[in-house]
Amino acid sequence: MILKDFGPHVMACTPSCALVIADSLLASGYRPGELNLRAFILGPEPWIEGMRREIEEKLGVRAVDIHGPSEGIGPGVSNECIEAKNGSYIFEDHFLVEVIHSATGELVPPGTVGEPVFTALTEEAMPVIRYRTGDLASVDPTPCVGGRTFVRMSRVLGRANDMLIVRGVNVFPSQVEAARVGLLHVAPHHQPVVTREGWLDQLEVKVEATKACFWEVGGGLLAGEVFESAEAVRSLRKKVNQAPDEAPGIHAKVTLALPQSEGGKLRWVVGMRPKDA
């Protein structure tokens, strides 16, 4: 209704939100080009070229990437141009960018993947100096085909730390851990798994129920039986499912399972989102 009444030319949101809007418009009989929309500026969650193509086809717009940590006037540190869509221009009149090796802190040459570090040159009240983003990307100082000369930053390729970005929300495994602490019959082992249904990220938390839970259910370990209907297990799942929602601020699917391990060590986070296409 707002898009029809106000007729904006540009909209900024997350890629998953843009797809929800596109599907809602199409369901209501909208056809590409019927609105004034010309461009979507999309961030701050990971997205791939396939999502760009689908958004552009469904809405009849051009979709570009925006990047920037909220600690440094962000999103808004860099943005793709509509013409080339080949990397985001860093606004060098406002930010000094360096790319470092995450482990050593040493500068890496242009074109090498590392961790972007930003210094705000014009921000007032809370300027940031050499802020480590935790992202992994590279920069390209060569001028764009459109003539712009600001250094370009590649799409974020991953994370240097264990932070997850799920539907635009930053989630640290430590937040899930904090939610798990204190819950009865839950072993210390758990595993966040990030999957994607359609274009939407999903967070699943696999937790391990202790033997005490099953003793409580049937007076002993009932090997091979299904415990889904047991009240204690249902209660456990309900408690665990509520806890992550309170911590990261998103809904997490929780399953009772033994997390995978490698060499006796827990695989802390499993990423099952598809690669770029």
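Screening R52 on (1) more than 22 Å from G114 (Cα to Cα); (2) in contact with a Ser or Thr (Cβ under 9 Å, 6 or more places away or on another chain) shows it passes everything except condition (2). The criterion of at least 2 residues that are assigned by TED's automatic domain parsing to the domain that holds F6 and touching a residue at least 60 places away in the same chain (Cβ under 8 Å) is met by the following strands (runs of 3 or more DSSP E) wholly inside the range 24-84: 62-67. Of all residues in the range 1-28, those satisfying the criterion of being farther than 22 Å from G74 by Cβ and small (G, A, S) are G7, A22, S24, A27, S28.
A single entry from R155, R148 fulfils the requirement of being surrounded by fewer than 14 Cβ atoms within 10 Å (Cβ to Cβ), under 27 Å from E56 (Cβ atoms) and modelled with pLDDT under 90: R148.
Scanning the range 119-145 for residues being modelled with pLDDT of 90 or more and closer than 21 Å to T14 by Cβ gives a total of 0.
Does G146 satisfy being touching a Cys at 6+ places or on another chain (Cβ under 6 Å) and part of a loop (DSSP other than H, G, I, E, B)? When the stated conditions are applied, G146 passes them.
Here A178 meets each of (1) small (G, A, S); (2) modelled with pLDDT of 70 or more; (3) surrounded by 12 or more Cβ atoms within 10 Å (Cβ to Cβ) with one exception, condition (2).
The values are calculated or read from the model by the stated rules, or taken from the named source; none is laboratory data. Remember, predicted model here, so these are calculated numbers, not experimental data. Neighbour counts are summed over all protein chains in view; Cβ atoms, including those assigned to glycine, are modelled from backbone coordinates with ideal geometry.
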